[in-house]
Every structure is written in C-alpha cells, then in structure tokens.
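The values are calculated or read from the model by the stated rules, or taken from the named source; none is laboratory data. What you are looking at is a predicted structure, and each value in this text was computed from that prediction instead of being measured. So basically every Cβ, Gly included, is an ideal-geometry build from the backbone, and we count neighbours across all protein chains shown. SASA here: full protein model, heavy atoms, side chains in, ligands and nucleic acids out. Shrake-Rupley method; radii C 1.70, N 1.55, O 1.52, S 1.80 Å.
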Amino acid sequence: MKITNNIVESHGLKLEEYSKIKQLLSREPNYLELGIFSAMWNEHCSYKSSKIHLKKLPIKNKNVIQGPGENAGVIDIGDDDAIVFKIESHNHPSYIEPYQGAATGVGGILRDVFTMGARPIALLNSIHFGDPKHKKTKNLLNGVVSGIGGYGNCIGVPTIAGETKFNSTYNENILVNAMAVGWVNKKKIFYSKAKGINKSVVYVGSKTGRDGIHGASMASAEFDENSEDKKPTVQVGDPFTEKLLMEACLELMKKDSIISIQDMGAAGLTSSSVEMAHKGDLGIELDLDKIPCREEKMTPYEMMLSESQERMLIILEDGKEDEAKNIFQKWDLDFVVIGKTTELKNLSLKFKKETVATIPIEALSSKAPLYDRKWVKTKFNKNKIKVKDLKKIKFEEAFLKILSSPNHSSKKWVTEQYDQMVMGDTIQRSGSNAGIIKIHNKDKAIAVTVDSSANYCKSHPLIGGKQIVCESWRNLISVGAKPIAITNCLNFGNPENPEIMGEFAENILGMKQACEFLDFPVVSGNVSFYNGTNKNNIYPTPVIGGVGLIKNLNKIFNHHFKKIDSNVLVIGKTFGHLEQSVFINQLYNLNEGMPPEVNLLNEKNNGEMILKLINAGLINSIHDISTGGIILALAEMSISSQIGVKINKPKKLSNLSEYFFGEDQSRYLIEVDKSNYSKIERLFKDNNIYFDNIGITQKEYFELDKELKISVKELYDINNKWYKQFNGTDC
C-alpha cells in the first residue's frame with residue numbers, strides 16, 4: 001500500500017514526523033511499520049510534549065526503590081516489605097464506552113502492579129464528570145461506576161478510596177483515573193529490562209482480538225463531533241481472566257525463571273516488546289504466525305496494534321519454558337514462545353515465513369520526537385471579590401446548599417458499588433481522609449489517597465500544583481501516616497496550544513516545589529493530553545495519589561468525633577480566603593480571583609506537629625480542612641460520628657462566611673480531651689503553631705451561635721439526598 005499524506009495523518013502523525021521516520025529507516029516504511037511508529041510516537045506512549053518538564057520533578061528519597069520509568073513506582077516500608085503503586089488515565093475510552101473504558105482502566109493499572117511481582121491490595125479512583133444537568137452525565141456516571149466496581153469486585157481487590165466530582169469543563173471529556181497499590185517482598189521485585197541473547201520471548205494470557213486497535217493513538221487526540229465512531233478502539237475487559245493471569249504470574253515469580261516481564265497495555269504487543277528491548281539494549285524477533293488469535297485472518301498490523309486485555313510478555317531463562325508453560329496451562333491460559341531476543345537491536349517481525357517489518361529499536365524509543373513546545377504564562381484574574389458587595393445569603397442557607405450539592409453530598413451511592421472489604425485487610429475505607437490497608441499479618445499499614453483541584457490549577461497553575469501535593473500530604477497526616485511518595489496523573493488539554501502548555505509547565509513547577517520541600521517525591525505516573533472536544537479544553541486537572549506508612553496499628557485516626565464535651569481546635573491560621581472557594585462558586589457562580597496561597601513552611605510544621613500529637617496520644621480525631629472550609633469539615637466530622645458540636649463565633653475575623661467557608665491552606669481540625677488541652681496549648685506555643693479553640697462537642701445538634709442549629713440526623717439526611725434524587729434510587 002502506498003503511504004499518502006492522508007494515511008500518515010490518520011495515524012496521528014505529523015508530516016514532519018513522517019519525514020523523520022523515513023530518515024531513520026533510510027527508506028519508506030510499509031503500512032505495518034507506519035502503524036508501529038504511530039503507536040510508539042503518540043503522546044500517550046512517548047511523552048514527547050511532557051518529558052522535558054517531567055524531568056524537573058523530584059523522584060528520590062530514602063524510601064524510594066524504583067522511580068519513574070518502570071511499570072510502577074516502588075517504595076520501601078521496612079522489614080523487607082515494599083509497596084508498588086501507580087495511577088493512570090483511561091479518559092477517552094471511558095467517554096466513548098463508559099463501562100468497558102472504566103473497567104479496562106482498572107485492569108490495566110492492576111497489571112502494572114502485579115507485573116512487578118506485587119500482589120494488588122487496594123484500588124482507588126478519581127472520576128470527573130460534566131454538569132449533572134448535561135444530557136450525557138447520568139449515563140456516563142452510571143457506566144463508569146459500574147465498570148470500576150464490576151472489574152475490581154470480580155478480581156477481588158478492594159476499592160477503598162477515591163473522589164467523584166462534577167464540573168461543566170468535563171461535559172464532553174470526562175476523566176477516569178485509576179490507581180492500584182500492591183505489596184511485594186523487596187527482594188522479589190521484577191522489572192521489564194530484557195537481558196541475554198537468544199532468550200525465549202513468551203506470550204501469555206488471553207488471545208488477541210481486534211478490540212482496542214489504535215487505542216493509544218485515540219487517547220492522544222482531541223475529540224470531535226464524531227467521537228462515537230471510535231468505539232472499536234475501546235478495549236474489552238474480562239476480570240476473571242485477569243484473576244487467572246495474576247495468579248499464574250505470581251506463581252511463576254516464585255521460581256527463578258523470569259528475566260523480565262511487561263504487560264501489554266497501550267499499543268499492546270508493540271509497546272511491550274519495544275520497551276523491553278530498549279531497556280536491555282537488545283533486539284527482539286517475533287514470529288506473528290504464533291500469536292494466539294481469537295479472530296480469523298488477523299493481519300500483522302492488527303496483531304501488533306491490538307490492545308486486547310489480560311496479556312503479558314515474558315522473557316525466560318534458558319530451559320525454563322516447560323516449567324512456566326505447565327503453570328499457565330494449569331490456570332487455563334495461553335502460553336506460546338513467539339520469538340527471541342537478538343543482538344541486532346531491531347524489532348524484527350515475521351509472518352508466513354517472510355520478514356514483514358524491520359525497525360531499529362532506538363528509532364521507536366530514544367529517537368522518538370521530543371518537543372519543547374512554546375508556552376505562555378497564565379494571565380491571572382486578580383480581581384478581588386468583596387464579600388460585603390455580594391448579595392446577602394443567610395449563613396444556614398449557604399451551608400445547607402453546599403452540603404447538599406453534587407460535589408459535597410455523600411458519595412455512598414458510588415462507593416457502595418465497590419467491594420471495599422474483600423481480602424480482609426481494609427481498616428479504613430471511602431469517606432475518610434485516606435483509605436487504610438493493613439500489611440497482611442503485620443502490625444503496620446499503609447494509607448492511600450487521591451486528590452485533585454481543577455479550579456485552583458486553572459486560576460493559578462503554579463499555586464494549584466503546590467496545593468494539590470499538600471492536600472495529599474494533609475490527608476495522609478490526618479490518619480496518622482507518615483507521607484512517603486506520590487504518583488500523579490496529569491490531565492490537560494491540547495499541548496499544541498501555548499496556553500495549555502503553560503498551564504502544564506507551571507503546574508509541574510508548583511508540584512516540584514511542594515514535593516521537594518515536603519520530601520514527597522513522584523515515583524510513577526501518567527500524562528493525559530488532548531482532553532477536550534472541538535477545541536474546548538478541560539480545566540487542568542492533575543490528580544495526586546499519595547502513599548504513607550502507619551508503623552503502629554494503634555495509631556490510626558479518622559475524622560469521626562469520639563466523645564461528648566471535647567474541645568475542637570483549628571490548627572493553622574484562618575485569613576478567610578474566598579476567591580476560588582466552593583462558597584463563591586456554588587452560591588454566586590463566580591470563578592474570579594486567585595486560589596489561597598500555600599506556605600510550605602507552615603504546611604510542613606503543622607503536619608509534623610499533628611504527627612507528634614498522635615504519637616503522644618493527645619488527639620481523639622482529626623480532619624484536614626480543604627474545599628468548603630471549616631464548616632464543611634466540621635459537618636463531615638459530625639455526620640460520620642453522629643455527634644454534634646457547638647461552635648463559637650470567631651474573635652479575630654468578624655465575617656462568618658470568610659472564617660467558616662474560607663479555604664486557607666495548611667489547616668486541620670482536631671478533637672482533644674479537655675484534660676489534654678493545657679499540654680497541647682503549651683506544645684503549640686513552644687513550636688510556634690497557630691490555633692483557634694472554636695467549640696465543643698455535644699449531643700445531637702450542630703450549632704453555631706444564633707446562625708445555625710440543626711440536628712445531626714437532619715444533616716445526615718440533607719447530605720445524602722442528592723444522589724438519591726439524581727438517580728432515583730436509595731443510597
């Protein structure tokens with residue numbers, strides 16, 4: 001087939017990129033080779049627009065075993081225990097086909113974890129939908145939640161934390177980010193780097209079909225009005241087969257058989273073979289006649305670009321083929337030696353005894369385009385919102401409207417579709433500051449959380465980048481965990497737009513500053529560009545997945561009030577920052593002004609003080625203060641515990657809305673026994689920690705002077721009604 005400009009562009013390649021391909025090959029590529037280049041050079045696989053900025057992020061601390069560049073990041077949590085974790089996007093597929101898009105997003109991230117030798121122990125997700133009134137939102141929400149629950153529940157891994165948000169910016173491009181966490185003995189970690197010449201290259205798992213062809217390329221392009229036509233590029237998942245594949249791989253990993261292993265994710269057999277060869281500075285020769293296919297007359301092009309799920313590529317030690325084959329056959333899975341490693345450093349493909357493609361590995365990997373795209377700084381809207389000039393809304397009315405809004409209503413309708421207790425090690429699940437999973441048969445646990453803040457990142461990308469890292473830090477601190485490292489999923493619009501690229505570049509800079517100051521490095525992640533439809537880009541939405549260690553199971557905390565007649569304190573200073581707040585957006589539909597500033601010194605000092613108080617046994621409960629301010633955090637503490645609180649009017653900030661709805665950073669709410677108050681007060685003064693004593697817990701009522709008095713039961717009902725009304729079902 002003659003390669004025309006239209007064919008090149010239909011593969012998602014620029015004409016200048018095609019010229020580079022011809023230079024690297026010293027000839028015209030054939031159609032199969034063009035498809036392989038399109039798979040490896042797309043944004044999703046090559047990171048060609050983001051790599052130059054991602055290199056700025058800190059990736060190491062004393063706990064990091066493996067940073068970016070592998071299937072997932074790995075951290076050391078002591079006693080030869082290691083945690084493997086990563087987050088990735090499946091945005092475009094989930095918009096086109098919500099159930100399968102979300103399900104295969106879960107399946108893909110699980111493979112990233114167990115391919116490194118780790119048994120998955122937890123799943124998380126960050127899902128973002130358009131305006132609830134938009135015609136597609138309900139169907140997308142139902143499909144995505146069902147897909148996440150269906151896959152995770154069937155494979156038997158608990159989904160213990162996450163977030164569900166709504167904003168019109170996602171009307172035509174939802175976000176579905178899935179995170180997986182696994183445990184492994186740090187002496188039994190497996191990597192994807194190929195080693196040795198003439199080693200067997202083995203295909204295991206499901207058969208190859210025509211689903212998912214050009215899936216990675218589709219994820220690297222904007223949508224248009226014809227997005228529905230892309231349904232064939234969405235993969236189809238089978239969680240039961242994935243369970244078999246996971247158990248077979250983990251069983252083989254107990255032997256001394258595997259040299260390297262890689263899942264067939266985006267770009268399928270192409271990316272897995274190229275990545276293994278590139279890391280090992282070797283070549284790979286594949287015989288495509290041996291590929292197990294589930295459809296007739298599949299072409300080499302279809303085999304190499306298929307993204308059929310539940311497949312792995314393994315390179316084995318000499319003489320280990322029969323032992324490995326017996327294991328996979330026992331689990332009723334395909335096991336076929338389809339090729340070998342070579343010293344020629346090419347990807348060489350044979351079909352019907354003919355060589356149908358020969359491409360230098362470096363042409364597909366290290367020689368891929370790398371762009372330093374033009375970017376411009378974000379123009380800030382510095383208009384100050386004058387609260388006194390806004391239409392007066394009664395405090396109680398404002399509070400209840402926010403508490404019953406889509407973004408702040410109880411998410412039980414979502415989370416109760418996920419099995420959160422399977423495997424028996426879940427200690428704390430969805431609805432808490434962070435999920436907590438016990439390390440099996442050990443007196444320690446890990447805390448995990450996912451967070452995002454699109455409006456902050458849109459209004460000021462640098463501050464937004466700092467803030468979302470700090471939000472993850474606070475959530476881990478609030479359950480008694482020492483934060484260790486993060487994974488990030490960076491969801492942005494079209495990088496060819498200098499304004500979008502500016503949002504990305506500045507956001508990375510903000511993340512860098514926070515990660516360095518807090519010693520909270522990035523060990524894995526994913527970049528998802530081209531999130532938009534017909535030139536309408538989403539708000540920049542970096543999602544941070546944080547992991548922390550709890551060394552003692554007796555030191556686990558949550559945000560449920562524990563006792564009546566306890567003091568309630570706000571740690572950190574409240575200035576009453578309302579720009580970009582839920583209060584301003586929800587009640588006045590305003591998106592003006594700057595987000596609250598992030599003082600990293602205060603963030604670190606306040607967080608470390610909270611951990612000291614936990615270790616000293618001086619706190620009953622903790623909640624970080626984030627969107628919605630003090631009043632929303634207090635309400636969540638009351639609702640979760642069914643204990644009320646009597647709140648004092650602030651002495652130093654007369655405007656109630658500013659004090660209670662302001663979203664100043666670096667703050668926590670803590671509940672303390674009156675008998676411990678003087679000790680805590682002394683500690684705060686000695687360590688220069690600002691705090692306010694704002695109230696006392698009580699029976700039954702949530703009360704603020706004369707402004708608000710409502711029973712906790714009524715608060716619960718108000719907070720739980722939105723999803724019930726939206727879907728017409730009980731929560």
Just to be sure I understand: of the beta bridges DSSP finds with both ends in the range 488-623, what percent are antiparallel, rounded to 5? 60
Quick check: Cα centre of the range 632-673 to Cα centre of the range 123-138, how many Å? 29
Relative contact order, percent, of the chain when contacts are C-alpha pairs under 8 Å separated by at least 6 residues? 15
Positive-pole candidate from Ser410, Ile361, Ile436, dipole of the range 318-445, charges at beta carbon: Ser410
Electrostatic dipole magnitude of the range 332-386 [Cβ: Lys, Arg +1; Asp, Glu -1; Cα centre; debye, to 20]: 960
Extended-chain gain in nm, criterion 0.36 nm per residue less alpha-carbon gap, Leu344 and Ile65: 97.3 nm
Looks like the range 541-610, by Cα gyration tensor root eigenvalues a ≥ b ≥ c and the a/c under 1.5 rounded cutoff (else prolate when a/b is bigger than b/c, oblate otherwise), is prolate
Against the empirical 2.2 N^0.38 Å scaling, what ratio does the C-alpha Rg of the chain come to? 0.97
Straight-line reach only, C-alpha to C-alpha below 16 angstrom: list the lysines that Lys612 could link to, leaving out same-chain residues fewer than 8 apart. Lys482, Lys551, Lys555, Lys604, Lys679, Lys685
Mind ordering 464-470, 292-298, 526-532, 562-568 by average Cβ neighbours within 10 Å, highest first? 464-470, 526-532, 562-568, 292-298
Could you work out Rg/(2.2 N^0.38 Å) for the range 22-87, with Rg from alpha carbons only? 1.64
Straight-line reach only, C-alpha to C-alpha below 19 angstrom: list the aspartates and glutamates that Lys535 could link to, leaving out same-chain residues fewer than 8 apart. Glu9, Glu43, Asp131, Glu172, Glu222, Asp224, Glu225, Glu228, Asp229, Glu496, Glu499, Glu503
The range 5-54 versus the range 253-301: alpha-carbon centroid distance in Å: 20
Distance from the range 55-93 to the range 448-516 (C-alpha centre basis), Å: 16
Within straight-line cross-link reach of Lys345, aspartates and glutamates at Cα separation under 17 Å, skipping those fewer than 8 residues along the same chain: Glu33, Glu275, Asp281, Glu285, Asp287, Glu362
Determine the dipole magnitude for the chain: charges of +1 sit on the beta-carbon of Lys and Arg, -1 on that of Asp and Glu, nothing else is charged, the reference point is the Cα centre, and the result goes in debye to the nearest 20. 1600
Within 10 Å, count the other beta carbons around each residue, average over each peptide in 128-139, 15-26, 82-93, 183-194, and list them highest first. 82-93, 183-194, 128-139, 15-26
Would you mind calculating the relative contact order of the range 48-173 from Cα pairs under 8 angstrom and at least 6 residues apart, reporting the percent as a whole number? 23
Rel. contact order, % - alpha carbon contacts under 8 angstrom, at least six apart, the range 301-377: 13
Counting only the heavy atoms of the protein chains, how much of His623 is accessible to a 1.4 Å probe, in Å² to the nearest 10? 10
Just order 114-123, 719-728 by mean Cβ neighbour count inside 10 Å, highest at the front, would you? 114-123, 719-728
Put a dot 7 Å past each Cα toward the Cβ at Lys674 and Lys551; how far apart are the dots in nm? 3.5
Cα gyration tensor of the range 357-452, axes a ≥ b ≥ c as square roots of the eigenvalues: rounded (a/c below 1.5), prolate (a/b > b/c) or oblate? oblate
With unit charges on the beta carbon (Lys/Arg positive, Asp/Glu negative), name the residue among Met276, Pro29, Gly209 whose Cα is farthest towards the positive pole of the charge dipole of the chain. Met276
Restricting to the chain, what percent of DSSP beta bridges are antiparallel, rounded to 5? 80
Positive end of the charge dipole of the chain (Lys, Arg +1 and Asp, Glu -1 on Cβ, about the Cα centre): tell me which of Leu490, Ile121, Asn591 has its Cα farthest that way. Asn591
The size of the Cβ-based charge dipole (Lys, Arg +1; Asp, Glu -1) of the range 449-567 about the Cα centre, to the nearest 20 debye, is 540
Give the shape of the range 67-164 as rounded, prolate or oblate, defined through the alpha-carbon gyration tensor: a ≥ b ≥ c are the square roots of its eigenvalues, a/c under 1.5 means rounded, and otherwise the shape is prolate if a/b is larger than b/c and oblate if not. prolate
